[in-house]
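A.B. asks: Please see the structure below; I have some questions.
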Amino acid sequence: MKPVHGAAVAALGALALIGCGVRLTHFNGPATRRAAVQLVVEHEQPSRRLVPETQQPAAARQPVVAPKPRVPVTSAPPPPAALSPRAGGDTKGGSKAGGDGLSADACLIAKWGGVWALEGPRRTRYHVDIPTPGCDQRSAEVEGDSLATFPKAHGGGPGYALGAKGSKAACLRRACAGPGLRKPALVEAPTPLQAPPNGWGLGPAPGWMEGSPLRFNSVARKAFAAGGSYEGMPPGQPLLLVFGGASVNDMLRNWALHVQRLALPYVVTCMDESLFTLAGNHGMPAAIFRGGSGEEASAGPGVVRFFLAFLRAGFDILCADLDVLWLRDPRPWVATSALISFADIVVSTDVTSDAAENDRASWGLAQELNTGMLLLRSSPGAAVVCEAWVDRMKQEMVSIEKLPKNMLQWWSNDQTFFNEVHMRATLDGFANPKATDAARRERAAEHLRSIDRRPARTAALDAALKRLGDMIAAGPAKAGELEDVRGLQFRSRIGCDGQHHSFAIGTFPYELFASGHTFFSQSLQLRRGFSPVAVHTTFQFCDTAEFAWGKRSRLRERLLWLVDPDSYYERVGPASEPQPEPTELEYSGFLHLDGALPDPPTCEMPLADSPRTCCAGALLDMSSWPRPYMRSEASAAIKVEGSRSFIDETLARKSDVHTMRDGPARHLLLDSFQRRLIHDALALARAMKRKLILPPLQCWSDRYWNALVRGRFPGVRADAQPLPFHCPFDHLFDNEKWAHSDAPIREHSFLDSHRVLDRDRNDSVRLVVRGAPAEARDHLGREPAVAARTLELSPGDDYAKAASALQQKGWGGAYVVKVGARSLELLCESLGSAKANAAFNKVVQRVLGIGEQIRYCDDADNRRWPGDARTWGFHRPPPLPEGSGGLLGVGASAPAACRTDAKEILAARFAEPERSWKGRGGESWSTQDRPGYLYHQYMNK
C-alpha cells in the first residue's frame, strides 16, 4: 500500500474516488492509492489464478503472465512508416514466416508486462499471451501511456491471442523501432553479475566497507568493526534496513527504538545528509552513498540501490518501511520456517483474510505484493530482480521527465515496479517442492540448494525437503500438515549478464507480519492471543504531506508510539505536533470519558511490557433503549447518491435500530449517538479547561474504498471481525483537523501508558449525576479506587456549573476527572452563555461539523443498484444554543432553559432530528446543519 503517483494516475485517482471511496482531500491515503492502482489494471484476456500446477488441468499448465494495465489514451502515435522492420503489408497481404501466422517482418513491442506483435501499416497488434523467458526484455518498450494507437487484431476476438505455440514463435522476432519506442533492455552489451567477494550466501568478507559504494557513520563503523555488536554476523542472519529522509525524523526514531528493544542489527540508509547526521546524533548506524545525495539515493531507484550494495557485500537483508514496527525478533521465523527460509525473496502482502493463505491462491502471490517488509537473500536471483527493479524505475524516470517538478512521480513508488518485475518474470510451473511428482520436487530442490551452498544450510534444506516428502508419502494422514506449509513460486529473468536466472519467491504469513487492517481494525492477532512479529501501518487514513497523523494516532492508541515528549503526559504541556497549537498551554489536567460495559470486556493481549488495553469499551448501552426504536435509516447520513430509485427508497425507509441490517445506515445512525457524547465531552472539557481523553470508539461498519459486505472487507469473516469492533480514531474523524484546533485530545489508552506516573493516575475525581445508572467499572472493567473523590451533580446542570463545582470542592488541581457516558448525557448541553457556546461551536465545526468526510458503499445495495449506491457521513451533533446572530444562527437569543427531569433529557436525545433533503439527479443532501460557507472555510484551511 504505497503511494501511486503521476499525472495520469492523479486523474485516475480522482475518478476512483468519485465512485466508492474516501474523500478526495486525501488522495495519498492507502484507500485512494489502491483504488488508483486498480483503475490502471486491465486483463487482455480472462485472468487465470496463479495455482500450483498439480491443481491445474494439463492444458492450463503454462506460464502465467502479468495483467496489463488500462492506460489513458493520451500519447500521439508514431508515423506508420517509421516503424521497422516492416513498413507495409498486413496480415492478409504479406508473406508468412514462423509458427505465429504473422507477416515475415512483424516485430515486438512491450508495455506494462505485456508483449504484442505488430504488423501492417495499421500497426495491428497481436497478444503474445504466453511469452517465453526474456521475450519482454527483447521487445521495444512503448514510451507513451497508451496502447490504443495500436488496434487489436480481430477486434480483440478469436485470433487476437497467439496461444502457446504462436507466442513461442513470435518471441523469436526482432523488436520494433521508431519514434515513441525505447530500445530493448537486452540490446546493451552484457555485463557480469557482480557477486560478493566471499560468494553468494557466504556473508561479508573482511574489509567489505572499503569496497562499498556506501559511506558509513561512526556508529555503523564501530558496530561492524572487530569487537563490535555486528561483528561475526553469521551468513543467513538478515541485517535490517530502513530508508528515509530527515523529514521523517519522528517516524525513524520510533522505528529505531522498537528495533533496539529487540537488539536487532540494523542500518539506516539515508536519502540526504541531514538524516545521516541526525542518525549519528541519535546513536543509529547509518549509511549514505559516497558523494552524498543524488540519483543513487533518490526515492525509488535509490532505495533498491541500497539493497544491491548490501547484497553484493554478502548480506542477507530484511528491508522495512519506516511505518513497520518490529514487535518480536523476526530471525527465528526467518531461519526456521519450512520452505520460506530457503527462498531468494520473501515479501509481505495486503491480504486481509485467510482466503489467500493456501496453495490454491498461491499464498497471496497472485495479488499486489507490499514491499514494506521484504527479505532478500544474497543470491543471484535476488540480485537480478533488484537490478531489473532499478532499471524499470530508471526507464519511468526518463519517460516522465517532462512532468512539472512539483508533481510526484510514478518512479518514487518502488512497490509498483517490484510487482511489475515479479509478474513479468517467467513462471516455472514445473518446479514445486510440494508436488507429488519427485522430479518436480527435485527441480525445486536444485534451485533452493543453489541459493546457499554452506554445508549446514544444505543439510537443513535436505531435512526440510525430506519432511515434505514424508508428508506427501503419508497421504491423507498428513494432508492438513502439508497444506499448512507455505509454498513458493519459481520464476526466471534474464540478467544484465545475458543469462537466465531463476529465483524462488514466497510471502510472509499475514497474521504474523500484519497489515494495518488485521492489526488495528480487525484486532485479529490480539483477540486470538498472540503478538505479531511486525505490524505495518497500512490501510489507515488522514496522513498528509505535513505529517503522518493517521499512523501516529494508531500507534499511540496501541501504546507503540515511543517518542512523545514528557510534556505530552503532564498536566500543562503541549502535544508533540510538528507545530503544537499554542492554545493547549491554556489547559491543565485531563477529562476522561469512559462508560460502563453492558457486557464483559473483550480485552487485547499485552504487547511486550505494555499494560492491557481493551478493545471493547462501549459508550452506548442499547439494552436501555426503547424497543422498538424506529428511525429513518438515512437520518444520520449527510448525503445519499446513486440512482433516483435508490435515493428515494433510502430516504423513505424506516427500521427498528435494534434489528436494522448491518451496513452504512446502521453504522452512521449508531455512531451519531457516540459522536454526540464525544461532542458533549469536548464541551465539558472546555468548560473545565482540561484535555479530553477519548474513550475506545466503536464502529458498526469498516471503512473501505470499495464495496463492503455487511460492513466488512470482502473475504473477512464475521468471526475474524465481529461487529461492532473497536475502530481506530481515523475511521471516524480527521486527525489533522483535530491537531490544528482548540480541542486538545489524548487517545483512549493514554492512562494505561507506563509514562503516566501512578501518583497522577490515582489523582482522580469521579463526576456523577444523580439518577444516572451506577458505573462501577471503567472502560477496562476495573473497579474505581476506594479513595476516589466523587463530584455529584444534578440532571440539567450545565458544563459551566460542573466546572465551578469542581473548583468549589478544591479539586481543580486533580490530574484527571472521570465521567461516564450515562452521567454525561444527563448534563445540560450548554457552556452557560451564548458567547461561550458560539466560540465552542466554531471549534467543533472544524473537527465535527463537516459531514462530507467518508463514503460508504454497501455490497447488497450495489448489487441491487449496480455501482450506483453510496452513503456519506457524518452529521455534526446539534450545536450548543448561541442566539440568532451566532455562527450557525441556531437557538434563541440566550441559551435555552435546561431540562431537569432525567426522563425528559433522555427523551430529547432520542428524538429523531428533522432533516431537510435537497438535491437533484443522482444525489440528495441533508444540509440543515451544514452551512456552505463554513464548508468552504474548512476545505481552505
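The values are calculated or read from the model by the stated rules, or taken from the named source; none is laboratory data. Just so it is clear, the structure is predicted and the values come from calculations on it, not from any experiment. Glycine gets a Cβ as well: all are built from the backbone with ideal geometry, and neighbour counts include every protein chain shown. These accessible areas exclude ligands, DNA and RNA; they are computed on the full protein's heavy atoms, side chains included. Shrake-Rupley method; radii C 1.70, N 1.55, O 1.52, S 1.80 Å.
A.B. asks: Using 0.36 nm times the number of residues separating A225 and E570, minus their current alpha carbon distance, what extension gain do you get?
C.D. replies: Working: separation 345, 0.36 × 345 = 124.20 nm, distance 4.23 nm.
Taking A225 through E570 to full extension adds about 120.0 nm, to one decimal.
A.B. asks: May I ask you to compute the full-extension gain from D484 to R661, defined as 0.36 nm times their residue separation minus their alpha-carbon distance, rounded to one decimal in nm? Spell out each step's value before the answer.
C.D. replies: On the way: separation 177, 0.36 × 177 = 63.72 nm, distance 3.59 nm.
Gain on stretching D484 to R661: 60.1 nm.
A.B. asks: Taking the Cβ-Cβ separation of A205 and A459 as r and a Förster radius of 25 Å, what is the calculated FRET efficiency to the nearest 0.05?
C.D. replies: On the way: r = 24 Å, r/R0 = 0.95.
Efficiency for this residue pair is about 0.55.
A.B. asks: Near K809, which aspartates and glutamates are there with a Cα under 13 Å away, not counting those fewer than 8 places off in the same chain?
C.D. replies: By straight Cα distance, K809 reaches E792.
A.B. asks: Percent relative contact order of the stretch 99-154, based on C-alpha pairs within less than 8 angstrom and at least six residues apart?
C.D. replies: Working: 72 pairs, mean separation 18.8, N = 56.
Once divided by the residue count of the stretch 99-154, the mean separation gives 34 percent.
A.B. asks: Another question about this same structure. Accessible area per residue, 1.4 Å probe, Å², for the stretch 165-264: what's the number?
C.D. replies: Details: 5030 Å² over 100 residues.
Heavy-atom accessible area per residue stands at 50 Å².
A.B. asks: Here is a follow-up. Hey, with R₀ at 41 Å, roughly what FRET efficiency would R755 and T277 work out to, going by the Cβ-Cβ distance, to 0.05? If you can, show how the numbers build up before the last one.
C.D. replies: Details: r = 28 Å, r/R0 = 0.69.
The formula returns an efficiency of 0.90 here.
A.B. asks: Residue-wise, which Karplus ³J(HN,Hα) couplings in Hz belong to the stretch 645-658, taking 6.51 cos²θ - 1.76 cosθ + 1.60, θ = phi - 60°, and x for glycine or proline?
C.D. replies: 5, 5, 4, 4, 5, 5, 5, 8, 7, 10, 8, 7, 4, 5
A.B. asks: On average, how much accessible surface per residue is there in the stretch 659-733, in Å², for a 1.4 Å probe, leaving out ligands, DNA and RNA?
C.D. replies: Values: 1690 Å² over 75 residues.
So the stretch 659-733 comes to 23 Å² accessible per residue, rounded to a whole number.
A.B. asks: While we're here: Check which residues have an amide H placed less than 5 Å from L147's amide H, if you skip close sequence neighbours.
C.D. replies: Residues meeting the amide H criterion: V71.
A.B. asks: So, one more: So who's got an amide H within less than 5 Å of the one on T426, skipping anything under 5 residues away but keeping other chains? H placed 1.01 Å off N, in plane.
C.D. replies: G134, S492
A.B. asks: Under the Karplus relation 6.51 cos²θ - 1.76 cosθ + 1.60, θ = phi - 60°, what is the ordered set of whole-Hz ³J(HN,Hα) values for the stretch 444-449, x standing for Gly and Pro?
C.D. replies: Result, rounded to whole Hz: 5, 5, 4, 5, 4, 5.
A.B. asks: Ok, one more. Between R122 and L562, what is the spin-label point distance in nm, taking each point 7 Å from the Cα along the Cα→C-beta axis?
C.D. replies: The answer from the label model is 6.5 nm.
A.B. asks: From the phi of every residue in the stretch 472-487, what ³J(HN,Hα) in whole Hz does the Karplus formula 6.51 cos²θ - 1.76 cosθ + 1.60 yield, where θ is phi - 60° and glycine or proline is x?
C.D. replies: Each residue of the stretch 472-487 in turn: 5, 5, 6, x, x, 4, 10, 4, x, 5, 5, 4, 6, 6, 5, x Hz.
A.B. asks: With all protein chains present, how much of the accessible area of the stretch 446-546 (probe radius 1.4 Å) comes from carbon and sulfur, to the nearest whole percent?
C.D. replies: Working: 1990 of 3680 Å².
For the stretch 446-546, the apolar C and S fraction of the accessible surface comes to 54 percent.
A.B. asks: Separate question: Given 4 °C and 1.567 mPa s, compute D for the stretch 447-560 with the Stokes-Einstein relation, Rh being the Kirkwood radius over Cα pairs; round to the nearest whole µm²/s. Intermediate values should be presented prior to the final figure.
C.D. replies: On the way: Rh = 18.1 Å.
It comes out at roughly 72 µm²/s.
A.B. asks: Could you check the simple spin-label distance between E446 and D621, using points 7 Å along Cα→Cβ, in nm with one decimal?
C.D. replies: 7.2
A.B. asks: Which value, in Å², gives the accessible area per residue of the stretch 783-883 when a 1.4 Å probe is used on the protein heavy atoms? Working shown, then result.
C.D. replies: Numbers: 3520 Å² over 101 residues.
Dividing the accessible area of the stretch 783-883 by its residue count gives 35 Å².
A.B. asks: For G244, which sequence-distant residues (separation of 5 or more, or a different chain) have an amide H within less than 5 Å of its own amide H, given hydrogens modelled in the peptide plane?
C.D. replies: T269, M271
A.B. asks: Could you give the length gained by full extension between T436 and E904, i.e. 0.36 nm per residue of separation minus their alpha carbon distance, to one decimal place?
C.D. replies: Details: separation 468, 0.36 × 468 = 168.48 nm, distance 7.34 nm.
Net length gain for the segment: 161.1 nm.
A.B. asks: Ignoring ligands, DNA and RNA, please state the percent of accessible area on the stretch 625-765 from carbon and sulfur, probe 1.4 Å. Intermediate results must be reported in sequence, preceding the final value.
C.D. replies: On the way: 2110 of 4120 Å².
For the stretch 625-765, the apolar C and S fraction of the accessible surface comes to 51 percent.
A.B. asks: Whole number please: convex hull volume per residue of the Cα set in the stretch 666-821, in Å³? Numbers along the way, then the final one.
C.D. replies: Numbers: hull volume 23.2 nm³, N = 156.
Each residue corresponds to 149 Å³ of Cα convex hull volume.
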